[in-house]
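Heads up, the thing below is written out as structure tokens.
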There are 2 protein chains.
Amino acid sequence: MPIRLSSLFLRTLREDPADAEVDSHRLLVRAGYIRRAAPGVYTWLPLGLAVKAKIEQVVREEMNAAGAQEVFFPALLPREPFEKTNRWTEYGDNLFRLQDRKKADYLLAPTHEEMFTLLVKDLYSSYKDLPLTLYQIQNKYRDEARPRAGLLRGREFVMKDAYSFDVTDEALAVSYRAQRDAYERIFTRLGVEYVIVKADAGAMGGSASEEFLSPSPIGEDTFVRSSGGFAANVEAVAIASPPAQDTANQPAAVVHDSPNTPTIKTLVDLANSTVKRADGREWVAADTLKNVVLALTDQKGKRSLVVVGIPGDREVDAKRAEVAFAPNDVEPANDEDFAKNPGLVKGYIGPVAFDGIRVAGAQLGKDSATKIPYLVDPRVVAGTAWITGANLAEKHVFDLVAGRDFEADGFADIAELRAGDPAPDGSGPLELARGIEIGHVFQLGRKYAEALDLKVLDENGKLVTVTMGSYGIGVTRLVAVLAEANHDEKGLIWPAAVSPADVYVVATGKDEAVYEAAEKLAAELEAKGKTVILDDRAKVSPGVKFSDAELIGVPQIIIVGKGLEQGEVEFWNRATAERRSVGLESAVSLIE
Amino acid sequence: MPIRLSSLFLRTLREDPADAEVDSHRLLVRAGYIRRAAPGVYTWLPLGLAVKAKIEQVVREEMNAAGAQEVFFPALLPREPFEKTNRWTEYGDNLFRLQDRKKADYLLAPTHEEMFTLLVKDLYSSYKDLPLTLYQIQNKYRDEARPRAGLLRGREFVMKDAYSFDVTDEALAVSYRAQRDAYERIFTRLGVEYVIVKADAGAMGGSASEEFLSPSPIGEDTFVRSSGGFAANVEAVAIASPPAQDTANQPAAVVHDSPNTPTIKTLVDLANSTVKRADGREWVAADTLKNVVLALTDQKGKRSLVVVGIPGDREVDAKRAEVAFAPNDVEPANDEDFAKNPGLVKGYIGPVAFDGIRVAGAQLGKDSATKIPYLVDPRVVAGTAWITGANLAEKHVFDLVAGRDFEADGFADIAELRAGDPAPDGSGPLELARGIEIGHVFQLGRKYAEALDLKVLDENGKLVTVTMGSYGIGVTRLVAVLAEANHDEKGLIWPAAVSPADVYVVATGKDEAVYEAAEKLAAELEAKGKTVILDDRAKVSPGVKFSDAELIGVPQIIIVGKGLEQGEVEFWNRATAERRSVGLESAVSLIE
């Protein structure tokens, strides 16, 4: 039976919802696919449910084809397993926690690593039982600080999460590849544009990790790619160090007065007006070494400082810093931190202490006067010369050479990436883009298996810890991603694979015969296996019907109206807006 | 592709789980359909998920055929709507409550009346939009005090809940009927035995209400039925009063000493040994009137007493009392209650006060000395004579006649029902049975629409409050009900409509040709649209394979083994245990 608009539970809205920040949210609400129930929590109306079900079905088919087996876990879970992996605490405010009537602690699961691990431990015991990949399509919960953009970042959302179980790293790589390939098939079938980027493991711990991003200007993730095929999340890019340089013929370090240089630009201007470079070229921001003081807080809550020297033409990228210093929390040092460390001369911090103009020893580094660890950007290799702070008020040192005048404790790759930077694999200059994470494949390794003691007997009868992979797809997020990528100012334009119906038949006017013909056409299309939405509303104007058709976004529309007297109906391509008359008799075969 | 036991995520268990109280729980765990994740919270393994999906699909098809439209609400809901209907408080400890990071109150929904009501209010505004029936198939949460019997009473469970919206009571009756008919089709298709019983509305408030019970000795609900077609939950039975009797020729009330009569039996024995009945027959327990003192607590927490006189051969039925006095809580009066009411002479309570042997006035009733309301069983009609307490220590009064010697404030139909009691509609004697509630159809009326202000314009442009129906089916409970009704000591025996596969093919022995033939047979069956589980495990003995087949419970089994050399396989009917040899060539057509 066709879905009849005369009875469908639907009211399209002319006004944008007040809280809608992005087009997909705006249109999904206006076209009657979803309604907000609470911040970040949505109700699915019949059309939305149809799109969601189509996505779930594609995911399910490809998971099954890849040999994964479907199970279904509770959303309400006891605290204990999450205590063992420390996620009960690590998740912080993002976890919905509750107590039952006996005051036992429960949570609403954000992901199910622990439960999958325990289930396999419960049933399996031998290497012969593996490899195994299990998955579920299930409601997940995350108490986002700022739920936003409708379905893109919700607090109750549907995910497909899969987990693989293997004995060896090589076998894990095979399971990982099978899921990765399935993801490519899923996104291709759904008509979602995607880029696979190297991803940092982040809070999940583990090794190989790739994200599937759908490029979009409203994406929360920034990624880089080169024409030669490199692609990575900015957090996952390890920049290549330039080769070390000879220090033999470099000018000696000299301290200069540098009053009124609160910014890198003012410092560079001062340098160009007062100090001539030995090689004659102008000083640029990249010649300066900016020493950024960061405060780290470890998992026990202990706070300590670290200083990172980065080229003055770049800022620290907060996400890259977060990853570089994980599992510590990282933030800029505050006034209190500076007050406690008088060795840091704000505005004039540098790795070396000067007594007037003479070197007085290391000022930064584990073995220095301050004992504050000193890390540098990977570009700060031996032989590179810098303008940097002299640890004296209103003084900078010029031509301070790494490896000659100072040593760092190590590297910290936390500077921002910029368009034009070389790809670390030499595949050309990088381009920066934004994307929405739609999938994540990830070699978890043995972290969860160790924490929860998942071991099997190997071929020699020895107990070995299982190695795992974790594979997620944001199902409800995909609805928004598809809507975001497929719309115009008039409404949605669904790819055929996820459209709530195959064909949208509009009957216009007051002529009974038109409605009868439209009903008959809908029935014939359904008989051919096509799903149909039929606008059979008798008292609604053609204008409203056409706007609704455009808003709802089924890609193929057939209008049955005045032309019927000549035996004709109109074919309307939602995407191209092209309309053309065809004979009623040929309409069904044209759709086929 | 067939489900291959060599790779299926399954371990059948020889031992019963320690916490299993009922057969369905025991077998669903042992056969690898479900695993416990927490008290009353279960994980669905692949076979269990297949059965659950089949039930959901039947429910969905019949809901759609009945014109109901599917939506999907969040499980995580804000407090406010439930505050408006008072359910936030009324649900008590049964509700899972939690707070988000901003300390806003949320709950895990036990049912969605409020949300459906608000959604319709949100989108609809006219009588022309109605009738409307919406449904969802969704995870529900209830913090049961005693989760028990596996899936039968869980804390996270799947329900189909539907709600109808109409303008008039007549239209509601039509919507109600459509759902009720759909329920009959659903349970018939699933092969579930059911009885439709009149149900009390209980805590939900409202009018017409029927439960679908599946008869089962482990059921928590007791119901009665007559051969003439009467069926009701014991809570919903209103017994018929006998006709009033003439008091003209009845003997006068006489007070007798009755020491040492702590029970009805001792009282009857004393009566028979000391007082001769005017009509010559023996005294029996049904001649005595037991006055039960109950304490009621209203919704504001105020406690008051009521006395109910019931024939001495019956006990109070706690569930019937609960319903009769709803929304008050009811419990037996305690020592403190008696201490506060010295007018109640414990063991000798009666409606009339005696001064020695002379009537001294009413002792019970709103206008009596004690002012305690006095209600009587519907059998205590005018002209019936009773032995009852005389409100004096060690004294009872005989031949106290209702309507002559005492008047009650009203009736309270709270006595237990017994097999053989007449059906209230005169359709014959009642039989008592136990059942499991699998569905509930219920005319909610305007309670929720009033609380949440759901009004539409009627034909005259006047705002009218919508009337609603509520219709639930316990989807996961049905898995247990089906398992409970369809098993033997060896395992499950699924009805074809919900079996995890249509055919179960077992390959036995070590002969390669057997496994190849079994694979080929499975492929042929799948090509004919049959789903197949194939036991292709090479190193497992036939005995283990056969026990697993019996435990898992697919109704049709084909054994491919030694007979293959003669071109034969064995057909095994799981239910009848009948096995017979058939030609391999005809196996597929026989299954069809």
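Quick note: the coordinates plus some simple rules give every number you see, no bench work behind them. In this text the structure is predicted, and so the values were computed from the model without any measurement. Because the Cβ atoms are built from the backbone with ideal geometry, glycine has one as well, and the counts that use them run over all protein chains shown.
A few comments on the model shown:
- Surface/4 of the Cα convex hull for the protein assembly as shown, nm²: 64.4
- Across segment A:254-411, the mean sequence separation of Cα contacts (distance under 8 Å, 6 or more residues apart), normalised by length, yields a relative contact order of 25 percent.
- About its Cα centre, the dipole of segment B:254-411 is roughly 140 debye, where the only charges are +1 on Lys and Arg Cβ and -1 on Asp and Glu Cβ.
- Label point 7 Å beyond Cα along the C-beta direction, distances from B:Ala171 to other copies (nm, shortest first): 6.3
- Placing a label point 7 Å from the Cα of A:Ala285 along the Cα-to-Cβ direction, the distances to the matching points in the other copies come to 9.6 nm, shortest first.
- Of all chain B residues, the closest to the B-onto-A rotation axis by Cβ, with that distance in whole Å, is B:Leu98, 2.
- A straight line joining the Cα centroids of segment A:530-592 and segment B:1-54 runs 49 Å.
- Whole-Å distance, taken between Cα centres, linking segment A:437-481 and segment A:208-224: 22
- If you take the alpha carbon atoms of segment B:58-181 and fit the smallest convex hull around them, that volume is 136 Å³ per residue.
- Cα-Cα over 24 Å, subset of A:Lys121/B:Lys539; A:Lys121/A:Lys300; B:Lys265/B:Lys395; A:Lys447/B:Lys539; A:Lys140/A:Lys447: A:Lys121/A:Lys300; A:Lys447/B:Lys539
- Cβ neighbours within 10 Å from other chains - mean over A:156-166: 1
- For the protein assembly as shown, with +1 on Lys and Arg beta carbons and -1 on Asp and Glu, the positive-most of A:Phe72, B:Leu118, B:Val506 along the dipole: B:Leu118
- log10 of Debye I(q)/I(0), alpha-carbon scatterers only, for segment A:131-212 at 0.10, 0.20, 0.25 Å⁻¹: -0.32, -1.24, -1.40
- Shielding by partners, peptide B:3-13 (average Cβ within 10 angstrom, other chains): 3
- Amide N proximity, segment A:308-328 versus A:Thr297 label position 7 Å along Cα-to-Cβ, cut-off under 19 Å: A:318-328
- With 20 Å bins beginning at zero, the pair-distance distribution over Cα atoms of chain A amounts to 17, 38, 30, 12, 2 %.
- Among B:Ser227, A:Ser470, B:Ser547, the ranking by other beta carbons within 10 Å of each residue's beta carbon, starting with the fewest, stands as B:Ser227, B:Ser547, A:Ser470.
- Restricting the trypsin sites (Lys or Arg not before Pro) of segment A:441-505 to loop positions (DSSP other than H, G, I, E, B) with no more than 14 neighbouring Cβ atoms within 10 Å leaves A:Lys462.
- Chain A - percent relative contact order, Cα under 8 Å, separation 6 or more: 18
- Where labels lie 7 Å past Cα in the beta-carbon direction, separation of A:Lys276 and B:Lys128 in nm: 8.9
- Inter-part distance, segment B:97-151 to segment A:250-318, computed on C-alpha centroids, equals 58 Å.
- Reciprocal of mean inverse Cα separation for segment B:254-411 (Kirkwood radius, Å): 15.9
- Net dipole in debye of the protein assembly as shown [+1 Lys, Arg Cβ; -1 Asp, Glu Cβ; about Cα centre; nearest 20]: 1160
- Theoretical FRET efficiency, 1/(1+(r/R0)^6), r = Cβ-Cβ of B:Thr247 and B:Val174, R0 60 Å, to 0.05: 0.75
- Positive dipole terminus of segment B:254-411, leading residue within B:Val316, B:Trp283, B:Gly343 (C-beta point charges): B:Gly343
- Unit Cα scatterers, Debye sum, segment A:382-469: log10 I(q)/I(0) for q = 0.14, 0.19, 0.20, 0.24 Å⁻¹: -0.86, -1.02, -1.06, -1.21
- Look at the alpha carbon pairs under 8 Å that are at least 6 residues apart: their mean separation over the length of segment B:198-279 gives a relative contact order of 21 percent.
- Fewest-first ranking of B:Thr222, A:Thr467, A:Thr188, B:Thr384, using other Cβ atoms within 10 Å as the exposure measure: A:Thr188, B:Thr222, B:Thr384, A:Thr467
- The Cα atoms of segment B:531-592 cover 26, 25, 22 Å along the three principal axes, with the biggest extent listed first.
- For B:Leu305, A:Leu294, order by how many other beta-carbon atoms lie within 10 Å, fewest first: B:Leu305, A:Leu294
- Each copy carries B:Pro429; placing its label point 7 Å along the C-beta direction from Cα gives inter-copy distances of 9.9 nm, listed from smallest up.
- Annotation for segment A:97-196: trypsin sites (Lys or Arg not before Pro) lying in DSSP loop with at most 10 further Cβ atoms inside 10 Å of their Cβ are A:Lys102, A:Lys103.
- Among the residues of A:36-48, the average count of other protein chain beta-carbon atoms within 10 Å of the residue beta-carbon is 5.
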